[in-house]
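In what follows, a single structure is set out as structure tokens and then discussed.
The values are calculated or read from the model by the stated rules, or taken from the named source; none is laboratory data. Predicted model, so just to flag it, every value in this text is computed and none were measured. Glycine also receives a Cβ, built like all others from the backbone with ideal geometry; neighbour counts cover every protein chain displayed. Just the protein is used for accessible areas: all its heavy atoms, side chains included, with ligands, DNA and RNA removed. Shrake-Rupley method; radii C 1.70, N 1.55, O 1.52, S 1.80 Å.
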Amino acid sequence: MNAPVSISEQDAALHAGLTVTPAGTVLGAEISGVDLRAPLKPEIVAAIRAALLRYKVVFFRDQDISHEDHVRFGRYFGDLEGHPVTAHVPGFPEILHIEAADGMKLREDIVPIVRAANKWHTDVTFREAPSMGGVLRMRQMPPLGGDTLFADTAAIYRDLPQTLKDQIADLTAEHDIIQSYGYRVDEAKRRELRAAYPPMVHPVVRTHPETGEKHLFVNKVFTTRILGLPEDEAKALLNELLDRVKAPEYQVRFRWTPNAIVFWDNRATQHYAVLDYWPQERVVERVTIKGDKPF
């Protein structure tokens, strides 16, 4: 069951004239009745935020927004940030231009490599303050495939055995940008990334700053090791925790349509972009909302 939040998303949506329709039994909802090409009234922003906190990821269809609209929408929910590796849309440093594997344009020779590197993750946990959320817009989609899956990390945590919850309650883990991006850049860029983004330590279980929910906060892309345990024990524990996100019971799958938009709570989810459409192309654009230091 989804946990309650401080504001009723039903009341907020009714007040703003929105329709919020659950897209899965655990997380995810589709929002209609709003045009994201226009400036939004405060009550509509509040309704969307409430739905995001309740469902952790929300979907919008048929939103042919401009780059200016995309930036404006993201800023309703916080300041925006760029990315140290992924390219941005020319003239819009706030908007990431993402082809295939997070900016790596597909070619036949690299498809096996990027598929093997494609993993469940929470964005930019290599930062001291990982992002609050991401707003992803479909620009060019394949005729089939290219779905995005999301998993509820609070539901995953709630179902852990109590003995495991007790074991990880006070543990921390290291998160490292090089684990994900090191293989795709040259040595000079790796040194630059290491200097700018040294390994960061976060709690294995984070508390959501708005809902108070507990979330499992390790991911395959950036978490390198759990600290304070013997190496073999730490590796086995991390692998056990990472396996939990793979269970379909904690997931919702979004099938893209032209001009669809996805807004996810990066503090409360992991996601996986399915790379099953080669040799077709898939291009998306994302604005990323700054977050806060996990606790």
> How much length, in nm to one decimal, is gained on full extension between GLU187 and GLU281, taken as 0.36 nm per residue of separation minus their Cα-Cα distance?
Replying inline: 31.0 nm
>> I need the calculated FRET efficiency for the pair THR257 and ARG158, taking r as the beta carbon distance and R₀ as 30 Å, to the nearest 0.05.
In response: 0.40
> Let a ≥ b ≥ c be the square roots of the eigenvalues of the Cα gyration tensor of the chain; is it rounded (a/c under 1.5), or, if not, prolate (a/b larger than b/c) or oblate?
Replying inline: oblate
> So what is the 222 nm mean residue ellipticity for the chain from helices alone, if each DSSP H run of at least 4 adds -39500 (n - 2.57) and you divide by all residues, rounding to the nearest 500 deg cm²/dmol?
Replying inline: -7500 deg cm²/dmol
> So which of LYS214/LYS293; LYS189/LYS235; LYS56/LYS246 end up more than 25 Å apart by C-alpha?
Replying inline: LYS189/LYS235
> Can you give the charge dipole size of region 180-295 about its Cα centre, rounded to the nearest 20 debye, using +1 on the beta carbon of Lys and Arg and -1 on the beta carbon of Asp and Glu?
Replying inline: 240 debye
> So how exposed is THR172, as accessible area in Å² (1.4 Å probe, rounded to 10)?
Replying inline: 50 Å²
> Once label points are set 7 Å from the Cα along Cα→Cβ at both GLU233 and ARG139, what is their separation, rounded to one decimal in nm?
Replying inline: 4.9 nm
>> From the phi angles alone, apply the Karplus equation (6.51, -1.76, 1.60; θ = phi - 60°) to region 59-71 and give each ³J(HN,Hα) in whole Hz, x where the residue is Gly or Pro.
In response: 10, 10, 10, 6, 10, 7, 7, 8, 4, 4, 4, 4, 5
> On the accessible surface of the chain, probed at 1.4 Å, how many percent belong to carbon and sulfur atoms?
Replying inline: 52 percent
>> Tell me the per residue accessible area of the chain using a 1.4 Å probe; a whole number in Å² is fine.
In response: 44 Å²
> If you rank LYS41, LYS189 by how much accessible surface each has, with a 1.4 Å probe, what is the order from largest down?
Replying inline: LYS41, LYS189
